1. Residues that are at pLDDT 90 or above and among the β-branched types (V, I, T): find the strands (runs of 3 or more DSSP E) completely inside segment A:384-460 holding 1 or more of those.
2. Which of (1) exposed (fewer than 14 other Cβ atoms within 10 Å of the Cβ); (2) within 12 Å of RNA strand B (Cβ to nearest atom) is the odd one out, the single condition A:N168 does not satisfy?
3. Failed condition for A:S38, given (1) near RNA strand B (Cβ under 9 Å from one of its atoms); (2) loosely packed, with under 12 Cβ neighbours inside 10 Å; (3) over 29 Å from A:Y109 (Cβ atoms); (4) not β-branched (V, I, T), with all others met?
4. At least 1 residues that are within 21 Å of the chain's Cα centre (by Cα) and in contact (Cβ under 8 Å) with a residue 40 or more places away in the chain in each: list the strands (runs of 3 or more DSSP E) lying fully within segment A:212-302 that qualify.
5. Which ones in segment A:351-406 are farther than 18 Å from A:N276 by Cβ, crowded, with 18+ Cβ neighbours inside 10 Å and of a type in the set (S, T, N, Q)?
6. Are any of the residues in segment A:495-516 farther than 21 Å from A:V188 by Cα, at pLDDT below 95 and of a type in the set (K, R)?
7. From the list A:V95, A:V59, exactly one residue is of a type in the set (V, I, T), touching a Leu at 6+ places or on another chain (Cβ under 7 Å) and either more than 22 Å from A:F111 (Cβ to Cβ) or near RNA strand B (Cβ under 6 Å from one of its atoms) (or both). Which is it?
Amino acid sequence: MVFLSGWINKKRDHGNLLFIDLRDNYGITQCIIDKDNSNFNQLEKTQLETVIQIHGKVVHRSKETFNDELETGEIEVLIEKFLILGECKELPMPVFSDQDYSEEIRLKYRFLDLRRKKIHENIILRSKVISFIRSEMEKLGFLEYQTPILTSSSPEGARDFLVPSRLNHGKFYALPQAPQQFKQLIMVSGFDKYFQIAPCFRDEDARADRSPGEFYQLDLEMSFVDQEDVFNVVENLLVNTFKRFSKNKLLTNKFPRISYSDAMIKYGTDKPDLRNPLVITDITDIFFREDVSFEIFKKLVKNGSKARCIVTKKTKDKPRSFFDKIDKWSKDEGFSGLAYFTIEKNKEITAKGPVGKFFSKEALEKIMSTTSAEVGDSIFLACDKLKDLEKMTSLARDKIAQELNLIDNSIFAFCWIVDYPMFERDEKTKKIIFSHNPFSMPQGDIKNIDFKNPLNILAYQYDIVCNGIELSSGAIRNHIPELMYKLFSIAGYEKDQVEKKFSGMINALSYGAPPHGGIAPGIDRIIMLLANEKNIREVTMFPMNQNAQDLMMSAPSEVSETQLKELGISLRGKK
RNA sequence: GGGGGUGUAGCUCAGUUGGUUAGAGCGAUCGCCUGUCACGCGAUAGGUCGAGGGUUCGAGUCCCUUCACUCCCGCCA
């Protein structure tokens with residue numbers, strides 16, 4: 001006699017014989033009862049998804065009734081009696097089904113949605129990956145420390161979630177965007193290897209790969225290290241994790257390193273998908289030549305625009321519609337379009353296509369040598385102001401590769417993006433601003449940094465990218481207060497402002513701070529890659545919708561007048 | 001804040017050029033069925049066509065407004 005408890009996943013009712021698929025966390029077991037049993041009628045009437053306990057006998061199935069798709073497919077349970085442990089009303093959505101459902105109903109009835117196989121497995125995978133990461137980090141000598149959830153609002157970066165203070169009317173806590181300052185303080189406190197599966201809160205708009213509100217990072221920081229030490233730790237960790245939890249191959253075990261400036265030229269973005277073999281080449285110079293008469297591009301280039309191109313190999317036989325489709329796509333995306341031609345050779349090199357006639361033989365040969373294009377290849381050309389051009393060519397590179405089916409989905413292609421600039425010029429205000437983390441250490445000999453040309457200063461700042469998805473960014477930190485004041489002054493902050501805004505940090509760095517650095521890979525995105533999901537909600541147990549609402553718990557919600565009064569808050573009413 | 005997509009039965013969807021009483025599968029209810037594993041067969045119930053307004057003899061279908069969900073841009077150091 002066995003006891004088996006679970007949910008009624010599916011019934012197959014033969015009138016005098018009833019099959020029940022009973023489901024629990026581990027899988028499905030077929031149970032069976034016939035009309036001779038006095039419980040038959042009641043079980044026959046019991047709704048799907050009712051939780052029952054079966055008392056019965058495990059028996060081997062006859063060979064012709066084996067079910068290869070079930071782990072328990074060679075046995076079944078003969079039901080003697082059963083108990084209803086949890087009744088189930090009529091379901092708002094089926095649990096046993098491969099159909100897709102609207103997000104609205106899935107999120108409202110998340111507890112039902114989570115019973116379904118794929119997402120149930122994703123959540124279990126998430127738990128196992130996190131557990132694995134913890135044990136790997138501990139093996140490497142890292143210790144997990146918790147940092148505050150209620151902290152202070154920081155002026156840089158994302159919009160903060162604010163929490164009003166009851167004991168300090170008119171003042172607010174902020175939820176941490178990341179434990180950035182705390183982990184640096186942990187280093188200053190003499191703990192030298194910190195990690196945390198850290199919740200991070202940012203009040204910014206959602207995307208498919210970006211939860212609204214909250215997400216998790218593997219936050220880590222180390223003392224007395226340089227960039228290489230951080231790379232070693234993270235590279236090994238990610239290689240081990242991805243090999244353990246996915247069948248997909250890694251393109252390279254050693255992550256290639258690409259400088260930010262190279263990435264922006266070759267891929268138009270600092271998160272390139274390296275599964276895609278296409279590269280972008282700058283050919284602005286071509287349009288200054290006398291023997292090139294493509295006047296639209298020539299005029300744009302003269303006015304400061306850049307011209308770049310993407311070469312596709314052996315596409316001479318692609319129909320005109322292939323090229324036009326990509327040009328049309330570009331215009332639909334709001335860009336200025338992609339010109340194209342295919343390189344041919346009869347007696348001499350010529351270009352076939354709408355704009356081919358504008359290029360002389362010599363100009364074509366020059367293009368071929370700069371781009372390594374060969375006869376039979378095609379070239380897509382774009383011309384625009386640098387930022388727009390980068391954006392378009394980056395998207396075009398993905399689009400063209402998709403159209404040509406060049407991306408191998410069974411591969412993980414990691415890379416490091418390194419040598420980020422410390423500063424950049426704000427396009428609107430024309431002011432110099434920090435391009436990433438203001439606490440990053442500038443590269444080079446600290447005594448000889450060229451502060452006169454701040455845009456040339458590089459930082460020890462790095463990102464990990466996998467398959468075009470940004471997994472994390474990190475940096476070696478600036479632990480020298482004087483240098484920090486100097487850098488902040490370039491970005492327009494006076495010393496007293498810095499002291500006021502970052503008092504905790506600056507103060508701490510003044511009392512013997514070790515050199516330190518770290519990184520923070522995004523847990524949710526790692527799980528997305530491992531589970532092969534395009535949407536972060538598929539790997540999040542209780543996600544909010546795009547408008548940052550929890551449809552199951554009805555959050556956010558209104559609060560009582562009493563609660564507001566205690567906090568010293570009055571609402572201004574709806575806009 | 002802006003742009004795109006979707007919205008029809010509990011769920012997933014179809015619905016032609018604007019034309020009679022809005023359909024199907026799953027689910028529910030009832031009946032038949034002892035080896036199914038998406039069991040099978042028959043019947044019944046179930047609709048504010050997201051909401052509001054307009055055009056028209058007539059609107060699920062066309063127009064306007066609006067709401068919800070979603071994808072993208074901005075934003076996310």
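1. On the way: elements: A:414-418, A:423-425, A:432-434.
Output list reads A:414-418.
2. Only one criterion in (1) exposed (fewer than 14 other Cβ atoms within 10 Å of the Cβ); (2) within 12 Å of RNA strand B (Cβ to nearest atom) is unmet by A:N168, namely (2).
3. The one condition A:S38 does not meet is (1).
4. By residue number, A:213-223, A:257-259.
5. Within segment A:351-406, no residue meets the criteria.
6. To start, the set of residues in segment A:495-516 that are farther than 21 Å from A:V188 by Cα comprises A:495-497.
If we keep only those that are at pLDDT below 95 too, we end up with A:495-497.
From what is left, the residues that are of a type in the set (K, R) are A:495.
Yes, some residue in segment A:495-516 is farther than 21 Å from A:V188 by Cα, at pLDDT below 95 and of a type in the set (K, R).
7. Details: A:V95 fails: either more than 22 Å from A:F111 (Cβ to Cβ) or near RNA strand B (Cβ under 6 Å from one of its atoms) (or both).
Exactly one residue qualifies, and that residue is A:V59.
Results for (1) part of a loop (DSSP other than H, G, I, E, B); (2) out of contact with any helix residue (DSSP H, G or I) (no Cβ under 6 Å at 6 or more places or on another chain); (3) of a type outside the set (D, E, K, R), shown as yes or no for each residue.
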position	(1), (2), (3)
A:E76	no, yes, no
A:K81	no, yes, no
A:L85	no, yes, yes
A:E90	yes, yes, no
A:M93	yes, no, yes
A:D98	yes, yes, no
A:L107	no, yes, yes
A:N122	no, no, yes
A:S127	no, yes, yes
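The values are calculated or read from the model by the stated rules, or taken from the named source; none is laboratory data. In this text, all values refer to a predicted model and were calculated from it rather than measured experimentally. Glycine gets a Cβ as well: all are built from the backbone with ideal geometry, and neighbour counts include every protein chain shown.
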